[in-house]
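Notes for the one structure printed next.
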Amino acid sequence: MGKISGFIISIILVFPVFCNGQDTIRYPIEPMKGIRIGIDVSKLLLPVFYPHERFGFEATADIHIKNNIFAVAEAGWLKADLDKDDYSYRSNGYYAKVGADYNVLKPRIPHSNDILYIGARYGFSLFSQEVDDITILGYYWPDAPGQSISQEILNAHWLEFLLGIKAEVLKNFYVGITLRGKLMLVKPKSDYSSTYVIPGYGSGTSRFVGGINYYVSYNFRF
């Protein structure tokens, strides 16, 4: 709920900037030249919210195709180390997403590159996981420690639906916020255990998850 509340507050603060002046002139949409490349700041903050447990990085790129449509590609890496009293879980892998965004914003100032968009992504992840130091807790007899599950290579596929904002705060420099809903298409097929976290997706035990991303990006003009 904290992440959702943060996104709602961000939308409340930013959205009036886009909507101010409903009766002003709306200018034609101009094509964004070059390619916009950025990073997901929220991934860099994972060690703050999950100390010694999650580390990750994500990059994104988008190109203006025509009119209101942008082609988008995203890729990243995630490592998870989870130590509990009765087991230790390790996961490490990569993911990629491809899709498109549709800008629903009508410019109210000349040469504006700010966008308010809806979008969709297809996501794929390839990762490894292993479980060590599994302890079967005994309530009436001694614990049985020392078991492990060898490393296995897994993959997952999902769809994402997005609502987001990208605002040009300095020339060619953007900040953005994205709210995502993710729907699992193909779950990892583990022979031994359930998946704690899927890189790029989230909880491996949920068919639908949500998330928020905060981006900084730069438009490299050709």
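The values are calculated or read from the model by the stated rules, or taken from the named source; none is laboratory data. A quick note: this is a predicted structure, and the numbers were derived from the prediction, not measured. Heads up, the Cβs are rebuilt from the backbone with ideal geometry, glycines too, and the neighbour counts pull from every protein chain shown. Just so you know, the surface numbers come from the protein's heavy atoms only, side chains and all, with ligands and any DNA or RNA stripped out. Shrake-Rupley method; radii C 1.70, N 1.55, O 1.52, S 1.80 Å.
I need every pair where a residue in the stretch 32-49 that is more than 27 Å from HIS64 (Cα to Cα) has its Cβ under 9 Å from the Cβ of a residue that is hydrophobic (A, V, I, L, M, F, W, C) and open to solvent by less than 30 Å² (accessible area, probe 1.4 Å), sequence separation at least 6 or different chains.
Hits for this filter: LEU46/LEU78.
Only one of these is outside any loop (DSSP other than H, G, I, E, B), touching a strand residue (DSSP E or B) at 6+ places or on another chain (Cβ under 7 Å) and open to solvent by 40 Å² or more (accessible area, probe 1.4 Å): GLY181, GLY210, GLY176. Name it. Quick ask: steps written out before the conclusion?
Values: GLY181 fails: open to solvent by 40 Å² or more (accessible area, probe 1.4 Å); GLY176 fails: open to solvent by 40 Å² or more (accessible area, probe 1.4 Å).
The unique qualifying residue is GLY210.
Scan the stretch 174-222 for residues that are of a type in the set (D, E, K, R) and more than 25 Å from PHE70 (Cβ to Cβ) and report the count. Working first, answer last.
To start, the set of residues in the stretch 174-222 that are of a type in the set (D, E, K, R) comprises 180, 182, 187, 189, 191, 207, 221.
Now narrow it down to the ones that are more than 25 Å from PHE70 (Cβ to Cβ): 187, 189, 191, 207.
Number of matching residues: 4.
Between residues in the stretch 61-90 that are over 18 Å from LEU105 (Cβ atoms) and residues that are modelled with pLDDT of 90 or more and polar (S, T, N, Q), which pairs lie under 6 Å by C-beta distance while being six or more apart or on different chains?
GLU74/THR60; LYS79/ASN92; ALA80/SER91
Name the residue, out of TYR50, TYR94, that is touching a Leu at 6+ places or on another chain (Cβ under 8 Å), surrounded by 13 or more Cβ atoms within 10 Å (Cβ to Cβ) and modelled with pLDDT of 80 or more.
TYR94
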